[in-house]
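Structure first, then comments.
The values are calculated or read from the model by the stated rules, or taken from the named source; none is laboratory data. No experiment lies behind these values; they were computed from the predicted model shown. Positions of Cβ are generated from backbone atoms using ideal geometry, with glycine treated the same way; all protein chains shown enter the neighbour counts. For the accessible areas, the whole protein counts, side chains as well, though only heavy atoms, and no ligand, DNA or RNA atoms are used. Shrake-Rupley method; radii C 1.70, N 1.55, O 1.52, S 1.80 Å.
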Amino acid sequence: MTRRFNRRKFLVYGGATFGTSLILKGCANNSSTTSENPNSGAVPAATPAAATGSGNTIKVGILHSLSGTMAISEKSVVDAEKLAIKEINAAGGVLGKQIEAIVEDGASNWDTFREKATKLIDQDKVAVVFGCWTSASRKNVKPVFESKDHMLWYPVQYEGQECSNNIFYTGAAPNQQIEPAVDWLLKNKGKEFFLIGSDYVFPRTANEIIKAQLEAVGGKTVGEDYLPLGNTEVTPIITKIKQRLPNGGVIFNTLNGDSNVAFFKQLKGAGLTPDKYPTMSVSIAEEEVKAIGVQYLKGQYAAWNYFQTVDTPANKKFVEAFKKEYGGNRVTNDPMEAAYVGVYLWKQAVEKAGTTDLAKVRNAAYGQSFDAPEGKVTMNSNHHLSKIVRIGEVRDDGLFNIVYATPAPVEPVPWNQFVKSTKGYACDWSDPRKGEKYKV
């Protein structure tokens with residue numbers, strides 16, 4: 001995969017002042033490390049379990065891109081993780097200790113992610129890492145966490161076809177986003193689909209799933225095309241869509257970054273409006289709508305588990321707290337909420353285990369539930385969350401009107417059941433005889 005990953009390059013990230021429960025200390029070197037520690041004393045170096053369970057603090061790692069093309073997206077996720085840590089510390093911390101966040105910059109470079117993950121584990125002796133956004137960064141750090149038997153909490157919806165014992169996935173699996181979106185479109189918008197995506201692992205894997213699903217349930221893929229990351233030459237694709245869907249039809253969009261700006265502007269300019277050409281996106285959230293312009297996206301659709309407009313008491317509290325901390329003009333979105341939830345679920349698992357010992361925390365995480373802003377979520381033994389699925393339609397103010405939601409959380413399926421090579425397989429880390437991938 002190219003290292004010039006440009007996912008959500010156009011997002012607008014607002015500046016913020018972090019609360020007094022965490023003290024930011026910058027390091028003047030190229031590592032871009034910050035330690036956000038409520039206490040001045042350092043945690044003594046020792047084994048991971050001993051180091052993170054001694055002294056007055058528990059060290060955790062935050063590993064996202066604070067610079068480079070992904071910074072505009074990942075800084076908001078860091079904000080959500082910091083907010084959760086601030087709230088937990090204000091409520092007494094974990095096991096009676098305050099959380100010290102060691103923040104590392106992956107710099108939108110997948111090799112740097114691997115280096116910083118190694119540093120957090122070996123040098124900083126963190127108890128856990130919350131991090132990554134792109135599948136490229138996750139796949140680059142995955143061998144680090146597995147070889148060192150450590151723990152990563154990953155907050156972004158992804159393509160599935162993975163189930164690591166050392167990663168907890170708090171974003172959606174494909175059956176909690178992509179597949180329900182296809183079902184809803186087939187029932188409500190049409191049976192002919194044109195697939196457009198950025199040229200990297202997530203869109204290509206997602207479209208393989210969509211094509212297999214359409215073939216299985218009576219839909220039809222009339223076209224498929226990709227743009228290199230960051231490419232804005234969308235006119236040829238718009239032309240193909242008009243040729244393949246002359247009377248209208250569904251567009252399923254897995255574009256990322258500023259390609260979306262050009263795509264939606266030209267889509268409207270070509271007269272391909274939502275009434276005849278409804279477009280479903282899986283990487284367009286509240287920030288993207290604001291950046292692209294609501295006039296180009298009004299009436300179009302997105303599939304997520306969380307929208308800022310979710311009407312739950314927990315979400316009202318979350319949105320209010322986030323805006324109070326970072327500014328009233330900020331918006332919340334699905335990856336931010338999933339990151340926020342991940343910190344709380346880890347905290348609950350540590351408290352159940354009574355220790356930061358990694359193996360004990362991992363086992364304690366199974367079955368943990370949390371009253372999340374999106375609704376109740378539960379961690380399964382396949383390291384994925386049960387989550388409500390939602391589809392939203394962009395409205396005048398740039399937020400989403402929720403037009404569909406599952407009546408209950410959907411159980412996660414990491415190994416896709418429409419793809420022949422993984423059909424019939426599942427994951428269960430609570431049973432050593434099953435583990436990562438077993439035949440049902």
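Things worth noting here:
- With respect to the chain, whose longest principal axis is taken over its alpha-carbon atoms, helix 313-326 is tilted by about 70°.
- Amide hydrogen neighbours beyond the local backbone of ASN382, cut-off 5 Å, H modeled: TRP429
- Peptide ranges 120-130, 317-327 listed from the most packed, as the mean C-beta count within 10 angstrom indicates: 120-130, 317-327
- Other-chain or far-sequence residues with amide H under 5 Å of TYR404's (modelled H): ILE391
- Backbone geometry of segment 336-348 corresponds, through the Karplus equation with coefficients 6.51, -1.76 and 1.60 at θ = phi - 60°, to 3J(HN,Hα) couplings of 5, 5, 5, 5, 4, 5, x, 5, 5, 5, 4, 4, 5 Hz, x marking Gly and Pro.
- Unit Cα scatterers, Debye sum, segment 176-304: log10 I(q)/I(0) for q = 0.19 Å⁻¹: -1.05
- In order along segment 281-289, the Karplus-derived 3J(HN,Hα) couplings, from 6.51 cos²θ - 1.76 cosθ + 1.60 at θ = phi - 60°, round to 10, 10, 9, 10, 10, 4, 5, 5, 4 Hz, and Gly and Pro are given as x.
- Accessible area per residue for segment 210-342 is 36 Å², calculated with a 1.4 Å probe on protein heavy atoms, without ligands, DNA or RNA.
- Expressed as a whole percent, the accessible surface of the chain that belongs to carbon and sulfur atoms is 49, based on a 1.4 Å probe.
- Ordering 134-141, 335-342 by mean Cβ neighbour count within 10 Å, with the highest value first, yields 335-342, 134-141.
- Sparse packing (at most 10 other Cβ atoms within 10 Å of the Cβ) combined with a DSSP loop state is found for the following trypsin sites (Lys or Arg not before Pro) in segment 351-440: LYS420, ARG433.
- Rounded to the nearest 500, the 222 nm mean residue ellipticity of the chain from helices alone is -10500 deg cm²/dmol, with -39,500 (n - 2.57) taken per DSSP H run of at least 4 residues.
- In Hz, Karplus ³J(HN,Hα) per residue of segment 255-265 (6.51, -1.76, 1.60; θ = phi - 60°; x = Gly, Pro): 5, 9, x, 6, 4, 5, 4, 5, 4, 6, 5
- Listed residues GLY197, GLY299, GLY424, most fluctuating in the chain (Gaussian network, C-alpha, under 10 Å): GLY424
- Distant-in-sequence amide H partners of VAL419 (H built 1.01 Å from N, under 5 Å): none
- Kirkwood Rh in Å, taken over all unlike Cα pairs in segment 85-174: 13.9
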